[in-house]
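Taking it in order: structure first as structure tokens, then the write-up.
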Amino acid sequence: QVHLVQSGAEVKEPGSSVKVSCKVFGSTFRGYGFSWVRQAPGRGLEWVGAIIPTSPAPKYIQKFQGRVTFYTDESATTAYMEVRGLRSDDTAVYYCGRKAGFCSGPDCYSLDYWGQGTPVTVSS
Amino acid sequence: QSALTQPASVSGSPGQSLTISCTGTSSDIGTYKFVSWYRQHPGNAPELLIYEVTHRPSGISNRFSGSKSGSTASLTISGLQAEDEADYYCTSYTGSSNVFGTGTRVTVL
């Protein structure tokens, strides 16, 4: 049984950075893509981006370019997302997700497994 | 990239069928087969119901089915059950990234 377990809630000041982790249990790590999705309070889902095994560079939507970094640590079976220059409108629950099987492109973006979510609050 | 357009809410009685639409453009749904649907209960992570327009993941009930015509994708729930009361989101590949729909609240009367 595959489980994705995310790090705990964070409270950050505007302008600071946050790093969210997503540890994989019950599965090998190499060959899988990881997507990140966020949900502001009372709002819908928003795709942040993804790191996929066959792409030389992570994929982000334009509004996050330059502010978000994804990386993985295979030895720790953990994926990470770092968001810099936090603003109040970055307040949201951040989810990691992964496809059940190996993937190589946009097929990576259908997410069978999800973490429990990490609430990030940006407030002074 | 603008969000895909979904109706804000739909409702139905137990046992009935209902369909949720998801309207995009020729730059996303109209071109790519990578359309997925998710169900999200309050306070929980989303659950994948449909991927690549029509495919159900293992363990998902055949009460859920997906289709696409032009730039509009649809999710049909047949035999509506109380547990289907939730928020539903479509998503599509855009050629460079991914975009979610605005979300639909399903109410079981």
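The values are calculated or read from the model by the stated rules, or taken from the named source; none is laboratory data. This one's a predicted model, so the numbers in the text were calculated from it and none came from an experiment. With ideal geometry, Cβ positions are generated from the backbone for all residues, glycine too; neighbour counts draw on all protein chains shown. For accessibility, only protein heavy atoms count, side chains too; no ligands or nucleic acids. Shrake-Rupley method; radii C 1.70, N 1.55, O 1.52, S 1.80 Å.
Go through the residues of segment A:55-65 one by one and say whether even a single one is open to solvent by less than 10 Å² (accessible area, probe 1.4 Å), closer than 25 Å to residue B:89 by Cα, more than 14 Å from every other protein chain (Cβ to nearest Cβ) and within 13 Å of the chain's Cα centre (by Cα).
So far as segment A:55-65 goes, no, none of its residues is open to solvent by less than 10 Å² (accessible area, probe 1.4 Å), closer than 25 Å to residue B:89 by Cα, more than 14 Å from every other protein chain (Cβ to nearest Cβ) and within 13 Å of the chain's Cα centre (by Cα).
When residue A:103 is evaluated against the numbered criteria (1) within 14 Å of chain B (Cβ to nearest Cβ); (2) more than 25 Å from residue B:41 (Cβ to Cβ); (3) free of Cβ contacts under 8 Å to residues at least 60 places away in the same chain, which criterion, by number, is the only one it fails?
Here residue A:103 clears every test but (3).
Please verify whether segment A:12-33 includes one or more residues that are open to solvent by 50 Å² or more (accessible area, probe 1.4 Å) and within 14 Å of chain B (Cβ to nearest Cβ).
Within segment A:12-33, not a single residue is open to solvent by 50 Å² or more (accessible area, probe 1.4 Å) and within 14 Å of chain B (Cβ to nearest Cβ).
Could you run through segment A:71-88 and say how many residues are over 15 Å from the mean Cα position of the chain (by Cα) and modelled with pLDDT of 95 or more?
Within segment A:71-88, residues that are over 15 Å from the mean Cα position of the chain (by Cα) and modelled with pLDDT of 95 or more number 4.
With (1) open to solvent by 10 Å² or more (accessible area, probe 1.4 Å); (2) in contact with a Phe, Trp or Tyr (Cβ under 6 Å, 6 or more places away or on another chain) as the list, and residue B:49 as the residue in question, which single condition is left unmet?
Unmet condition: (1).
Against the condition more than 9 Å from every other protein chain (Cβ to nearest Cβ) and either open to solvent by 30 Å² or more (accessible area, probe 1.4 Å) or in contact with a helix residue (DSSP H, G or I) (Cβ under 8 Å, 6 or more places away or on another chain) (or both), how does residue B:69 come out, does it pass?
yes
Could you list, in sequence order, the residues of segment B:95-109 that are closer than 18 Å to residue A:44 by Cα and crowded, with 17+ Cβ neighbours inside 10 Å?
Selection gives B:97, B:98, B:99, B:100, B:101, B:102, B:103, B:104, B:106.
Take the residues of segment B:57-76 that are closer than 30 Å to residue A:51 by Cβ and part of a strand (DSSP E or B): which is farthest from the chain's Cα centre (by Cα)?
Residue satisfying both the conditions and the ranking: B:68.
Please give the number of the condition residue B:30 fails out of (1) open to solvent by less than 30 Å² (accessible area, probe 1.4 Å); (2) outside any strand (DSSP E or B).
Only one criterion in (1) open to solvent by less than 30 Å² (accessible area, probe 1.4 Å); (2) outside any strand (DSSP E or B) is unmet by residue B:30, namely (1).
I'm told residue A:57 meets every condition in (1) out of contact with any Asp or Glu (no Cβ under 7 Å at 6 or more places or on another chain); (2) in contact (Cβ under 8 Å) with a residue 40 or more places away in the chain; (3) at negative phi except one. Can you identify the failing condition by its number?
(2)
Within segment B:77-109, track down each residue that is more than 8 Å from chain A (Cβ to nearest Cβ), assigned to a strand (DSSP E or B) and among the polar types (S, T, N, Q).
B:92, B:104, B:107
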